Amino acid sequence: MAIDIKAPTFPESVAEGTVAAWHKKPGDSVERDELIVEIETDKVVLEVVAPEAGTLTDVMAEEGDTVESEQVLGKIGEGSASSSKEEKSSDEASAKSAEVKKDDKQEEQKASGGNGGGQQHDVKAPSFPESIQEGTVATWHKKVGEAVKRDEVLADIETDKVVLEVVAPADGALAEIKAEEGSQVESEAVLAVFTEGAGGASAEESSNASSSSAAGGDDEGANEKVADKVLAPAARKMVAEHDLDVSKIEGTGKGGLILKEDVQKAVKDGSAKKAVKSSAPAKAAAAPAAEGDRVEKRVPMTRLRKTIAKRLVEAQQTAAMLTTYNEVDMTEIMALRAQYKDTFLKAHDIKLGFMGFFVKAASEALKRFPDVNASIDGTDIVYHGYQDIGVAVSTDRGLVVPVLRDTDSMKIADVERTIVDFGKRGRDGKLGMDDMIGGTFTITNGGTFGSLMSTPIINPPQTAILGMHKIQDRPMAVNGKVEIRPMMYLALSYDHRMIDGKDAVRFLVTIKELLEDPARLLLDV
């Protein structure tokens, strides 16, 4: 019995998606939960996996087609992949027969960058949604002639919303790269030419070279020895930027996955630097800029940075934005945290931070001041009967705002655990569309970077945002005496079209009172 392969259920804000890439062809065997097709929306790329093991029999939505939520994309049958195996055996036999004729064509093959190559394919950029006109080739992870496996990542295409991965269509190697890093490419533009079956001999030669070279010698040999290591996207980018030897980096992720934190540690302690080749020409002699030289570097703005800039300017141009300030005495919160941090860690396996208290205080204040929790939709005001608080997270690519859902019913431990998870996935580029849509209010913490005071910008269509800042000891007048207290400035930016100044000030004072006397959070007073 055939099983339908359906598109994921899209959120209300997403009407449709585009079939970006099929990773299987009709007749290919698939395993349960194996990636079959990618659906690209105007926010993220969604992966569709096989609901059951079997054989892909029908493709009902081709690459580039526009599909709706839960639309049938294809079908999986129960048939075996014997025909595929026969074709594979036939290909292997052809490859063996080609080996016999390899000697007299070896020079020609080396010149073309492949060894025993077969059918050639165009490697194309994914189909971009209508809201995305073009993308930028961010990184090539493979070089011409380097052996790759099917579905291995060849390049990253950066758009103004997400980074899209371009994978190998089969086992083989790149024969030619047509769009270099930094190039602007349109939807389905040809990025490179790929040759099936190529690169095998190159890999074998590299492997032999690595085994015969001295320890710490040839970098290419070292790379072959670590071909089985898996890197997270953010880690892979850092490795390329710092030119590190992956074989010297220990992965702490699941199954030995190398995370960004592992690379950062390696950069900090210098344990993964590549050995300098003795045969290298005097590039090192190319001296650093002399003292007094006025060096400039011009790089294009990333698409995400362009989008952030555009939205921030729009927020200031469309909202009647005003900011009110206050300060909070953190003495009680810090004492409570110091008293229970060890017990909290043992009970919940997560550290007790400050954000949990702020999220719970904001949730209570939002219930008391529904105007602050509302949003503006054209000429309508939408009042939300729930509190979904976005938490600004800084990543290498820019600022993202994942959302905590129903914070009123969340415990402080749940808040802390979710925020840690958001931060980790944000740095690894693993945040999905569901994590970032919606939100009725936002909290941003510039204090983690040392900010003493700032004016946060509203995240439309929300009408307010809370800015946290650095905790700093200051002399304060307490009961007629001067005492040194740990103080934090708070800033509430709000849309004056929706929120009156009186309500904005009272909202911020409520948060201040709840934080200075945490018992109020428990007693609901």
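Coordinate-derived values only; no laboratory data. All of these numbers come straight from a predicted model, not from anything done at the bench. Reconstructed Cβ throughout: ideal geometry from the backbone, glycine too, with neighbour counts over all protein chains shown.
Test of the criteria: in segment 147-179, which trypsin sites (Lys or Arg not before Pro) are in a DSSP loop and have at most 12 other Cβ atoms within 10 angstrom of their Cβ? Walk me through the numbers before you get to the answer.
On the way: sites: K149, R150, K161, K178; in loops: K149, R150, K161, K178.
When the trypsin sites (Lys or Arg not before Pro) of segment 147-179 are filtered for loop state and at most 12 Cβ neighbours within 10 Å, K149, R150 remain.
In terms of its Cα atoms, segment 3-82 spans 42, 19, 16 Å along the principal axes, sorted from long to short. Gain on full extension, evaluated as 0.36 nm per residue between E134 and D122 minus their Cα-Cα distance, stands at 2.5 nm. Each of L452, L56 was scored by other Cβ atoms within 10 Å of its Cβ. Listed from fewest to most, they are L452, L56.
Under the 0.36 nm per residue contour assumption, what length would be gained going from the current alpha-carbon distance of V190 and R32 to full extension?
Separation in residues times 0.36 nm, less the Cα-Cα distance, equals 53.7 nm.
When the listed pairs K25/K248; K24/K178; K124/K149; K124/K424 are checked against a 27 Å cut-off, the alpha-carbon distance exceeds it for K25/K248; K124/K424.
Which order do peptides 187-197, 402-412 fall in by mean Cβ count within 10 Å, highest first?
On the way: 187-197: 19.6, 402-412: 17.2.
Highest to lowest by the protection proxy: 187-197, 402-412.
Loop-resident chymotrypsin sites (Phe, Trp or Tyr not before Pro) (DSSP state other than H, G, I, E or B) in segment 301-396 with no more than 14 further Cβ atoms inside 10 Å of their Cβ: Y383.
Put a dot 7 Å past the Cα of E314, heading toward its Cβ, do the same for R294, and the two dots end up 3.8 nm apart.
Our summary gives segment 303-523 a relative contact order of 29 percent, counting only alpha carbon pairs under 8 angstrom and 6 or more residues apart. Working from label points 7 Å from Cα in the Cα-to-Cβ sense, the H242 to T9 distance is 4.2 nm. Working from label points 7 Å from Cα in the Cα-to-Cβ sense, the E47 to H496 distance is 4.9 nm. Pairs of alpha carbons in segment 460-525 separated by more than 16 Å make up 61% of all such pairs.
Work out, step by step, the length gained on full extension between D65 and V509: first 0.36 nm times the residue separation, then minus their alpha carbon distance; give nm to one decimal.
Once the chain is fully extended between D65 and V509, it gains 154.6 nm.
Residue exposure proxy: D269, D517, ordered by other Cβ atoms within 10 angstrom of their Cβ from fewest to most, comes out as D269, D517.
How high is the FRET efficiency from T331 to L522, r the C-beta distance, R0 22 Å, rounded to 0.05?
The value I calculate is 0.80.
Using R0 = 45 Å, the C-beta based FRET efficiency linking Y340 and E250 works out to 0.85.
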